[in-house]
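Structure record follows, encoded as structure tokens.
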Amino acid sequence: MKLHRPANRHLLLALALLVLPFVIDALFGHGWVRIADFALLYIMLALGLNIVVGYAGLLDLGYIAFFAVGAYTYALLGSPQFGLHWPMYVVLPLGALFACFFGVLLGAPTLRLRGDYLAIVTLGFGEIIRIFMNNLNAPVNITNGPQGISSIDPLHVGTFSFAGQHELFGIGFSSVHQHYYLFLAFTLLVAFVSLRLQHSRIGRAWMAIREDEVAANAMGINTRNIKLLAFAMGATFGGISGGLFAGFQGFVSPESFSLMESIMVLCMVVLGGMGNITGVVLGGVLLVVLPEVFRHGAGPLQQALFGKIVVDPESLRMLMFGLALILVMLWRPAGLWPSTQRRRELMPDESVAQQEQDTVYDSAK
Amino acid sequence: MMSFNKPALLLALCPIFLLAACGKTETSAPQAGDAAELVVKIGASAPLTGPQAHIGKDNEYGTRMAIEDANAKGLTIAGKKVRFELLSEDDQSDPKAATIVAQKLVDAKVNGVIGHLNSGTSIPAARIYSDNGIPQIAPSATAVAYTAQGYKTAFRVMANDAQQGKVLGEFASNKLGAKKIAVLDDRTAYGQGIADEFVKSAQASGAQIVAREYTTDKAVDFAAVLTSIKGKQPDLIFFGGMDPQGSPMVKQLRALGMKTQFMMGDGGYTPKFIDNAGGAAEGTYASLPGVPLDKMPSGRDFATRYEAQFKQPIQLYAPYCYDAVNVMIAAMQKADSAEPAKYLPLLGAVVHDGVTAKIAFDAKGDLKGGAVTLYQVRQAKWQAVETMGGAAP
Amino acid sequence: MDIFLQQLINGLVQGSVYALVALGYTMVYGILGLINFAHGEVVMVGAMVALTALQALLAAAFAPVLAVLFSLMLAVAACMALGYGIERIAYRPLRNAPRLAPLITAIGVSIVLQNLAMMIWGREYHAFPLPFNNGLHEMGGAIITDVQIVIVLVALVMMAGLMGVVHRTRMGRAMRAVAENPSAAALMGVDINRVISATFMLGSALAAVAGLMVSANYGIVHYYMGFMLGLKAFTAAVLGGIGNLRGAMLGGVLLGLIESLGAGYIGDLSGGFLGSHYQDVFAFFVLIAVLVLRPSGLLGERVAERA
């Protein structure tokens, strides 16, 4: 078997992804497979945000709102809240559609805004969505307010429920394993669409806008539609991820959609490498898995070193996030794993970092 | 070149892991320990980091004390000496983390779970415990939705929002004679839940709700809403929320020149409320489910031992955790088995004299009766006023 | 009527604080074209330092007036150092970088400061000691406290002082020159780095004063207090026209009034459909409306659309 043939490498990667949950399960137990499930959900989110921030260069600080729209759509149409129990293959696309609608709703009035202004408006938008979800229990009860919606239907197709135990070829698949494969399929789909978009006309138009909007406009790109499309695509992916989250968790409440979550997803995109799918995936995995490692490692480690907990791991985790954001921006402005293709395109002899820095966003002042 | 080797290495390892995985599903892990001893694992979960870490730690202490007491008694189940083990996990008061923690406890084959602290974490975790048939007793989750999900495994040992709000509303209108009441809440699951139940109960007792205002759990400025309330001239203001908002709120209330009575739920019953509100705290009412500890013979003893062992006063819910563990153990003894499937059917029928109240469950798994005690700040101290509802000791 | 007057007072007091904090945002934006997201945390650090100093000084039996003045000076000094440090570490190396980069470091700085403060001062809410008796005064049925009077007066004095600095001193002229055209200013012999540092320090000093006033008014200090305050103050700066000092003051007071009248009356006006739970929505909605309809703010020049 020749390992350097791309087809073989893909096959290997596919095999590795398929057996991964069993490897994790054997080594660490079901709990960590569940963490892998969450990692996939976040990777989907990060890939969606990557379209808006990484490709089109529009900083969105309220991205979690679309996740929330997707999650609430699933929750409202598949729970005792309204007594509706629509099937997953109807509700998930509906959630994506609603999220897409909200993406356009946010995009349309903010087309003229750039950079930091856009950031603050999207932040406000994200908070408004959360506040509405938190308060729409009176005078008409829609979202059940801060109590959230519980007893949400598990993800299921026909009689096959992803939450149940199933057996195939003598191998037992428990709920977390089945969700892993479902989420993996969606993540691969999102990654595939992102990849194809990146090299399409649309993807190049996004990058043209990112580099220089005025020039892009002059070259005949319809910047308005292309920017709206970026918002819509990003929001759609967020909506899908949100719907899966609601079905997986069985419970949604507004506290899961705070500003901090938006910032977390942004961190994944920025730290991993804006505009580069592999980098974004890396960022997602790191930011979901590292806190768990911290949770289990930082406490006992301090206990061993100092004999007591000096700094509580939770604040240490947030401190690390903050520091990582600053340091990565200062030393690797294009992220930990920037696009190698771009690196090759741009003069290989010059300092790559400087090049990345100059071209990642509109450096025109 | 690394990228070539990693998948290859993984591939080489895969058969081993697959074997390991299959092997695991085929054979069930034997119980550790020698034949004469039965190890019973009790899972516990609360936020041990984050803003509520001190309350979460308090819960863990309460659970731990109950387990140490049980071990000291040397109980036997099915002819074997029992050793109880505590598995304490941190759920960060985050619903997502709570499901991960629940999964880990299930993986660890716990015999029962005491947790979680918040309703927002107890509700999603309940589905996982229910799927795996593990009994869960929530010591301090008060949202009605927790037991309303219909899981047979979910119980709680504290009066829920409906029970507590009902008692508070009746007390305000019947005992304090408030005819016009203004209600505020902080838009959290707890604050909104208890405030809504308060409104229902106060209206049923004949009081009129003249204002329904809102704030957030991060706010410090309440001048605008309090001024608006001032215009309605209520006899009493009820706030559904926690002490960080309650104390500046009562201060600003007095700074607006209002002498109106101020009342909170158990979120206000903390020493910190009095520290932060200073003189303005005087006369404030707050509630706490259960009977005052010093009224229960075992309660006074519990408080002294807790303080001696953990070098701190009881923060809030430790006694409820202590009761929760003991109820669970009582059911195990009755069934003469620590197997979840065996003792779960008996858990609902247990009647236990706890340190907070006499504990028995109704059909949903809620606390039957649900006594609630009202306290008032007098001379900068919380003093018990009256215990209402439920079966008095 | 007395209720309406009371709401006006509430709005004015709140607005004065917003205005003071908004000045810090607007000064930095005017000169660098950068949103200093970490400015709210500077306010928080000011409040925390003042709290610690005040506790220590009162415990050492200082005269109350001296204790307050000393702790204010300490807080101002600490915040100026902090402002200088933030600029040096997080913004200066990125001055020629793409615009997104300093924004993300700013978010990073904000998270770091919050968590450092949490480690140093703890998670709990601290009571802020008031060494004076906070007297109540009645004006036409409305009540105003001593501290609130002081807040409005101090805000007015600080703003007047700032206008004086910017329009009457050499440093102020240099600031305006840098804001107009940095390279031209550099050619004229202005030390740009010094001017920018001075701007950050001046803004941070105002933030420290605001921090002390907020904590004295509410009597409570918390590591999270700066975030929402900063966001509101930024909204105020944008409302008035970011980069414009008078605009920041106008925006601050306006936002304070909008919030207090909104929270106070919207419930009654909309028949209970909207209520005070949408208080924060008003602030964000005003922000979005202003940015979309009039991106330059009420008093600003057209800066929002520059590439």
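The values are calculated or read from the model by the stated rules, or taken from the named source; none is laboratory data. Source: prediction; values computed, not measured. No Cβ is skipped: glycine too gets one built from the backbone with ideal geometry, and neighbour counts run over all protein chains shown.
Would you check which residues across the stretch B:254-280 are assigned to a helix (DSSP H, G or I) and surrounded by 24 or more Cβ atoms within 10 Å (Cβ to Cβ) and list them?
Hits for the stretch B:254-280 are B:ASP266, B:GLY267, B:GLY268, B:ASN276, B:ALA277.
Can you tell me which residue among B:MET263, B:MET249, B:MET242 is in contact (Cβ under 8 Å) with a residue 40 or more places away in the chain, in contact with a helix residue (DSSP H, G or I) (Cβ under 7 Å, 6 or more places away or on another chain) and within 24 Å of C:LEU130 (Cβ to Cβ)?
So the residue among B:MET263, B:MET249, B:MET242 that is in contact (Cβ under 8 Å) with a residue 40 or more places away in the chain, in contact with a helix residue (DSSP H, G or I) (Cβ under 7 Å, 6 or more places away or on another chain) and within 24 Å of C:LEU130 (Cβ to Cβ) is B:MET242.
Which residue, of C:ASN193, C:ASN181, is of a type in the set (S, T, N, Q), within 14 Å of another protein chain (Cβ to nearest Cβ) and more than 30 Å from B:ALA219 (Cα to Cα)?
C:ASN181
Before we move on, is B:ILE123 hydrophobic (A, V, I, L, M, F, W, C), buried (at least 21 other Cβ atoms within 10 Å of the Cβ) and more than 24 Å from B:GLU68 (Cβ to Cβ)?
Here the answer is yes, as B:ILE123 does meet what is asked.
Here is a yes/no grid of residues against (1) within 17 Å of the chain's Cα centre (by Cα); (2) under 23 Å from A:ARG34 (Cβ atoms); (3) within 14 Å of another protein chain (Cβ to nearest Cβ):
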| residue | (1), (2), (3) |
| --- | --- |
| B:GLU89 | yes, yes, yes |
| B:LYS96 | no, yes, yes |
| B:LYS104 | no, yes, yes |
| B:GLY112 | yes, yes, no |
| B:THR121 | yes, yes, yes |
| B:ALA125 | yes, yes, yes |
| B:PRO139 | yes, no, no |
| B:PHE155 | yes, no, no |
| B:PHE171 | no, no, no |
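Considering the stretch C:231-247 alone, what residues qualify as being aliphatic (A, V, I, L, M), more than 14 Å from chain B (Cβ to nearest Cβ) and over 14 Å from C:VAL290 (Cα atoms)?
C:LEU245
Filter the stretch B:263-282 down to the residues that are more than 21 Å from the chain's Cα centre (by Cα) and of a type in the set (D, E, K, R), then identify the one that is farthest from B:GLN379 (Cα to Cα).
B:ASP275
How many residues does the stretch B:221-253 contain that are more than 25 Å from B:ASP161 (Cβ to Cβ) and touching a Leu at 6+ places or on another chain (Cβ under 9 Å)?
5
Picking from A:LEU61, A:LEU106, which residue would you name as being over 17 Å from A:LEU244 (Cβ atoms) and at the interface with chain C (Cβ under 9 Å from one of its Cβ atoms)?
It is A:LEU61.
Taking the options A:ALA246, A:ALA232, name whichever one is touching a Phe, Trp or Tyr at 6+ places or on another chain (Cβ under 6 Å) and either assigned to a helix (DSSP H, G or I) or farther than 30 Å from B:GLN149 by Cα (or both).
A:ALA246
Between a first residue in the stretch C:121-150 that is facing chain B (nearest Cβ under 9 Å) and surrounded by fewer than 19 Cβ atoms within 10 Å (Cβ to Cβ) and a second residue that is among the hydroxyl-bearing types (Ser, Thr, Tyr) and part of a strand (DSSP E or B), which pairs have beta carbons less than 6 Å apart while being 6 or more apart in sequence or on different chains?
Filtered contacts from the stretch C:121-150: C:ASN134/C:THR145; C:LEU136/C:THR145.
Just name the residue that is farthest from the chain's Cα centre (by Cα) out of those in the stretch A:119-139 that are more than 9 Å from chain C (Cβ to nearest Cβ) and surrounded by fewer than 20 Cβ atoms within 10 Å (Cβ to Cβ).
Filtering the stretch A:119-139 for residues that are more than 9 Å from chain C (Cβ to nearest Cβ) and surrounded by fewer than 20 Cβ atoms within 10 Å (Cβ to Cβ), the one farthest from the chain's Cα centre (by Cα) comes out as A:ASN137.
Is it the case that B:SER130 is touching a residue at least 12 places away in the same chain (Cβ under 8 Å), among the hydroxyl-bearing types (Ser, Thr, Tyr) and within 22 Å of B:PRO345 (Cβ to Cβ)?
Yes, satisfied.
Do you know which of the residues in the stretch C:97-120 that are facing chain A (nearest Cβ under 10 Å) and over 21 Å from the mean Cα position of the chain (by Cα) is surrounded by the fewest Cβ atoms within 10 Å (Cβ to Cβ)?
C:MET119
List the strands (runs of 3 or more DSSP E) that sit entirely inside the stretch B:122-233 and contain at least 1 residues that are more than 30 Å from A:VAL176 (Cα to Cα).
It comes to B:180-185, B:208-214.
Out of all the residues in the stretch B:338-393, which are surrounded by fewer than 21 Cβ atoms within 10 Å (Cβ to Cβ), touching a helix residue (DSSP H, G or I) at 6+ places or on another chain (Cβ under 6 Å), more than 22 Å from B:SER122 (Cβ to Cβ) and in contact (Cβ under 8 Å) with a residue 40 or more places away in the chain?
Of everything in the stretch B:338-393, those that are surrounded by fewer than 21 Cβ atoms within 10 Å (Cβ to Cβ), touching a helix residue (DSSP H, G or I) at 6+ places or on another chain (Cβ under 6 Å), more than 22 Å from B:SER122 (Cβ to Cβ) and in contact (Cβ under 8 Å) with a residue 40 or more places away in the chain turn out to be B:ALA380, B:MET388, B:GLY389.
Looking for whichever is of a type outside the set (D, E, K, R), buried (at least 24 other Cβ atoms within 10 Å of the Cβ) and touching a residue at least 24 places away in the same chain (Cβ under 8 Å) here; the options are C:VAL76, C:VAL68, C:VAL42. Which one fits?
C:VAL42
In this structure, does B:LEU344 turn out to be modelled with pLDDT of 90 or more and either basic (Lys, Arg) or part of a helix (DSSP H, G or I) (or both)?
It is true that B:LEU344 is modelled with pLDDT of 90 or more and either basic (Lys, Arg) or part of a helix (DSSP H, G or I) (or both).
Restricting to the stretch B:42-66, name every residue that is more than 14 Å from every other protein chain (Cβ to nearest Cβ) and surrounded by fewer than 23 Cβ atoms within 10 Å (Cβ to Cβ).
Matches in the stretch B:42-66: B:TYR61, B:ARG64, B:MET65.
Search the stretch B:52-78 for residues that are not assigned by TED's automatic domain parsing to the domain that holds B:PHE302 and pair each with any residue that is not aromatic (Phe, Trp, Tyr) when their beta-carbon atoms are under 7 Å apart and the residues are at least 6 apart or on different chains.
none
Determine whether A:ALA205 is within 28 Å of A:ALA39 (Cα to Cα) and away from every other protein chain (no Cβ under 14 Å).
No; evaluated as a whole, the condition is false for this residue.
Need the failing condition index for B:LEU10 against (1) modelled with pLDDT under 85; (2) in contact with an Asp or Glu (Cβ under 9 Å, 6 or more places away or on another chain); (3) at the interface with chain A (Cβ under 10 Å from one of its Cβ atoms), just the number.
Among (1) modelled with pLDDT under 85; (2) in contact with an Asp or Glu (Cβ under 9 Å, 6 or more places away or on another chain); (3) at the interface with chain A (Cβ under 10 Å from one of its Cβ atoms), the lone unmet condition for B:LEU10 is (2).
Could you say whether any residue in the stretch B:198-207 is within 28 Å of B:GLY354 (Cα to Cα), surrounded by fewer than 24 Cβ atoms within 10 Å (Cβ to Cβ) and aromatic (Phe, Trp, Tyr)?
No - not one qualifying residue is present in the stretch B:198-207.
Being at pLDDT 90 or above, at the interface with another protein chain (Cβ under 7 Å from one of its Cβ atoms) and part of a helix (DSSP H, G or I) is true for just one of B:PRO244, B:PRO248. Which residue is that?
Just one listed residue meets the conditions, B:PRO248.
In the set A:HIS156, A:HIS177, A:HIS166, which member is more than 30 Å from C:SER276 (Cα to Cα), touching a Phe, Trp or Tyr at 6+ places or on another chain (Cβ under 9 Å) and within 11 Å of another protein chain (Cβ to nearest Cβ)?
A:HIS177
Among the candidates C:ALA81, C:ALA61, C:ALA56, single out the residue that is more than 11 Å from chain A (Cβ to nearest Cβ), outside any helix (DSSP H, G or I) and over 20 Å from C:VAL17 (Cβ atoms).
Result: C:ALA61 is the single residue among C:ALA81, C:ALA61, C:ALA56 that is more than 11 Å from chain A (Cβ to nearest Cβ), outside any helix (DSSP H, G or I) and over 20 Å from C:VAL17 (Cβ atoms).
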